[in-house]
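Everything on this sheet refers to the single structure shown next.
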Amino acid sequence: MASKPLTPAELRPSCDPDELGFETTARADELTGILGQDRAVDALTFGMGMRSEGYNVFALGPSGVGKLSLVRQYAEEQAAREDVPAEWCYVNDFDDYRKPHALKLPAGKGTELASDMSQLIGELGRAIPAVFDSEEYRTRSESIEEGLNEQQQQAMRELQEKAQARNIVLIRTPAGLTLAPMRDGKTLGPEEFEKLPEDEQNKIQKDIEELQEEMRRTFRQAPAWQKESREKLDELNREMVAGVVSQALEPLREKYGDMDNVKTYLMQVEKDIVTHFQHFLPQQKHQAQLFGAQMPEQAEEMPWTNRYRVNVLTPRKPNHGAPVVYEDHPTYNNLLGRIEHRAQQGALITDFTMIRAGTLHRANGGYLLVDALKLLTQPFAWDGLKRALKAECLQLESLGESLSLISTASLEPQSIPLQVKVVLMGEPMIYYLLSAYDTEFADLFKVQVDFNDRMDRNADSQQQYARLITTLVRRHDLPAFDRRAVARVIDFSIRLTDDNEKLSTHMRAITDLLHESAYWGGRRDAGGAVSADDVEQAIESKIHRSDRIRERIQEEIRRGTILIDTEDEHVGQINGLSVIGLGGFSFGRPSRITARTRIGKGQVVDIEREVEMGGPIHSKGVLILSHFLGARYALHQPLSLSASLVFEQSYGGVEGDSASSAELYALLSDLADAPIRQSLAVTGSVNQHGEIQAIGGVNEKIEGFFDCCRARGLTGRQGVLIPRSNVKHLMLRRDVVDAVEAGEFAVYPVATVDEGIELLTGITAGERDAEERFPTDSINGRVEARLIDYSERMRAFSAGPHGKGQE
């Protein structure tokens, strides 16, 4: 039975604007909830609420379906119900500055502590110098100094008294103290001393030596007296400073009294300030000189002003819920943090104040959203993230140091516990590759959120889709769309899916169309709502921006450079249809397919495959043809056929099996010597039973041949054969449907090879009778007769001229 052409309604089952129930989106209701992603929403709700180890989320789906917006929405809703996580700060370890301590504080308290410490250091910078200028300090320090002087003077008086008792005087000279004999209150000179009796000289000499020893003992006690005095002065200094520091810290002790870690830190701060109070005193800096030039100052391991600062890694605002962070550039350092350095005198210097938080620090206690492809393309970032998630802590480590690329001494900050829900987003292929090749992936990302790029189309879903369009229009502050414009957008959504029973959930494409339609509505300057004509203009303009190659091909077909016949009939020649995709734009391209047959050994040669221009799927389709021919026509004799198939003027390779039915029709035409109508084009794959199977790009293929026919003039005999199973995928352009409605073009659905060959040749395909014979004048009868003839001729050739086989 010949196939009937499809009706215009079947070619374009459009949305009826009268069923939408509103005039413009200004009076329509917005969408509540998420449309078309029930599975993803359920999985996302589970993943966000599941707190067990390893239940991180991977959201997979095509780009543009709104993964990020939906994930962020759910994460923010969940985060708003959760407590604000703690702030993490780094403070100095006063025993080893290379190992900073991590402080965990309630939200906002870390920032307050940092401010309080800065204010404290400023106050002590004024208060400590003032202590040493106070009257009390001067009095007490002078008392210590006077005590030392009195002790020294007392020792000298006692020494002088002992000397006087022996008629010896203690004399101060430029070289120091010396002893000399004395008589009658006068000091004896050397000459007078020589005149004394020897016994008296010996006695005086002995007394002087004893006094010198006494004097040496006294002088040896002087350093101890000075040390004691310095210790008393140091004790005084500490006492005075301790009082000031204690008084300054008292408000902080009261403020942070319920935080043991802060109290411990403040005690360490107090002890260190008292020990190093000299840094708070005014100091004159003397720079060394070399040949009259000033030498640079020596680099400090850590400026003293930094010792008491608080480095707040993760500032939090109270009553703002858990953090939701999206990392757009997930490098290793951006994720895990870094330790910065500053160059000084050719050396790299760092301290705990130069520790910088990563995204994981900021998202700690909340949610981190990352694009999977961006993450995987950053060196070491994926391994770093996995290591942090497995260890459940953040350990800051220089990447260069861990890889032994640099030997600069760096910090070893105390690790910070990590509690974060990570959501990766990416294409399905990335998820499947990670699942297959990364053994740790399944343990860390146990929740799969699978986004669909389409949804079922029915009356209710179209109403919901209209509400979605209304929501997008208002969200992006666009002018209102009338109901016909909304219906045209819904038609565009159907076309995106290549299935008239589905609607697209590709929100980026829909949003772009709304923006462009609003633009053309503004250009029209009608002052009213955006119309269906504006939407159509947006669609046509988008196509026009991308279809230069399509126009070039159509031009070459029209000029006869590319050989495509749209009239007449030819044996073994047919118009096949293929789809070319360039930069997101796809279009149909007609191609001439030819077949030649002769006696052979049952081979169907694919010339495209022989020259390595045909892909494996195309080659598979051609191999099916030889088995179809053998099973249908070579029941009682060998298939003695040699056939060749080729896409004429094909220079870029052929892939896919959508032309296999066209190739089979060309073979049958050549075998049956039945000319094929060139006004018809064919698409569809075929199986070994002769059933025509669905293919992709059916709309583009029909439109490609229609454009070719229209350029040469529509005659009413032109059309396209498509698989019957592709009827549900039709959503053709309006001009194609109008041509069909006017009887100028036709689209025929076929289910079997027999249906197709009858349409193409106008000859009955024919069925086997009770004796398993095809009608002689049918296509199948002709084909079988030709193949039997080939087989007999092959047998005769093999037997030789005398009935014997060839040597």
Item to check | Residue under evaluation residue 477, criteria (1) open to solvent by 20 Å² or more (accessible area, probe 1.4 Å); (2) out of contact with any strand residue (DSSP E or B) (no Cβ under 9 Å at 6 or more places or on another chain); (3) on the phi < 0 side of the Ramachandran plot, criterion not met | outcome: (3)
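Yes or no, residue by residue, for (1) of a type in the set (Val, Ile, Thr); (2) open to solvent by 10 Å² or more (accessible area, probe 1.4 Å); (3) assigned to a helix (DSSP H, G or I):
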position	(1), (2), (3)
732	no, no, no
749	no, no, no
760	no, no, yes
769	no, yes, no
772	no, yes, no
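I'd like to verify a number: residues in segment 330-384 that are within 13 Å of the chain's Cα centre (by Cα) and at positive phi, how many?
Step one: of segment 330-384, the residues within 13 Å of the chain's Cα centre (by Cα) are 330-332, 334-335, 359, 368-379, 381-382.
Checking which are at positive phi leaves us with none.
The number of residues fulfilling the criteria is 0.
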Checklist outcome for this item: Residue hits (segment 510-535; part of a helix (DSSP H, G or I), more than 16 Å from residue 491 (Cβ to Cβ) and over 33 Å from the mean Cα position of the chain (by Cα)) are 520, 521, 522, 523, 524
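Answer yes if at least one residue in segment 572-586 is surrounded by 18 or more Cβ atoms within 10 Å (Cβ to Cβ) and in contact with a Cys (Cβ under 7 Å, 6 or more places away or on another chain), and no otherwise. So that I can check it myself, show each step before the final result.
Kept after step one, since they are surrounded by 18 or more Cβ atoms within 10 Å (Cβ to Cβ), are these residues of segment 572-586: 572-579, 586.
Restricting the remaining residues to those that are in contact with a Cys (Cβ under 7 Å, 6 or more places away or on another chain) gives none.
No, segment 572-586 has no match at all.
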Checklist entry - So how many residues does segment 715-730 have that are in a loop (DSSP other than H, G, I, E, B) and open to solvent by less than 30 Å² (accessible area, probe 1.4 Å)? => result 2
Checklist outcome for this item: With the first residue restricted to segment 130-147 and required to be of a type in the set (Phe, Trp, Tyr), and the second required to be open to solvent by 90 Å² or more (accessible area, probe 1.4 Å), Cβ contacts under 9 Å at 6 or more apart or on different chains are 132/138
Checklist entry - Given the conditions (1) open to solvent by 50 Å² or more (accessible area, probe 1.4 Å); (2) modelled with pLDDT under 95; (3) under 18 Å from the mean Cα position of the chain (by Cα), and given that residue 433 satisfies all but one, which numbered condition is not satisfied? => result (2)
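Every residue, every condition in (1) at pLDDT below 90; (2) open to solvent by 50 Å² or more (accessible area, probe 1.4 Å), yes or no:
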| residue | (1), (2) |
| --- | --- |
| 1 | yes, yes |
| 8 | no, no |
| 20 | no, no |
| 34 | yes, yes |
| 40 | no, no |
| 46 | no, yes |
| 55 | no, yes |
| 59 | no, no |
| 64 | yes, no |
Next on the checklist: Looking only at strands (runs of 3 or more DSSP E) that lie completely in segment 242-355, which have at least 1 residues being at pLDDT below 85?
Outcome noted: 342-344, 347-349
Item to check | Pairs where the first residue, in segment 36-54, is more than 27 Å from residue 467 (Cα to Cα) and the second is open to solvent by 20 Å² or more (accessible area, probe 1.4 Å) and of a type in the set (D, E, K, R), C-beta under 7 Å, 6+ apart | outcome: 54/443; 54/446
Next on the checklist: Need pairs with beta-carbon distance below 7 Å; first residue in contact (Cβ under 8 Å) with a residue 24 or more places away in the chain and among the small types (Gly, Ala, Ser) and within segment 707-727, second part of a loop (DSSP other than H, G, I, E, B) and buried (at least 16 other Cβ atoms within 10 Å of the Cβ); sequence gap 6+ or separate chains.
Outcome noted: 716/744; 719/5; 719/745; 725/694
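When you scan segment 1-95 for helices (runs of 4 or more DSSP H) that lie fully inside it, which ones turn up with 1 or more residues that are among the basic types (Lys, Arg), more than 22 Å from the chain's Cα centre (by Cα) and over 30 Å from residue 779 (Cα atoms)?
Hits in segment 1-95: 38-49.
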Checklist entry - All but one of (1) surrounded by 21 or more Cβ atoms within 10 Å (Cβ to Cβ); (2) of a type in the set (D, E, K, R); (3) out of contact with any strand residue (DSSP E or B) (no Cβ under 6 Å at 6 or more places or on another chain); (4) under 30 Å from residue 710 (Cα atoms) hold for residue 483; which doesn't? => result (4)
Checklist entry - Does residue 695 qualify as being within 18 Å of residue 580 (Cα to Cα), in contact with a helix residue (DSSP H, G or I) (Cβ under 9 Å, 6 or more places away or on another chain) and either open to solvent by 10 Å² or more (accessible area, probe 1.4 Å) or at pLDDT 95 or above (or both)? => result yes
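The values are calculated or read from the model by the stated rules, or taken from the named source; none is laboratory data. Everything numeric in this text was worked out from a predicted model, so none of it was measured. Neighbour counts are summed over all protein chains in view; Cβ atoms, including those assigned to glycine, are modelled from backbone coordinates with ideal geometry. When the accessible area is computed, the model is the full protein with side chains, heavy atoms only, and any ligands, DNA or RNA have been set aside. Shrake-Rupley method; radii C 1.70, N 1.55, O 1.52, S 1.80 Å.
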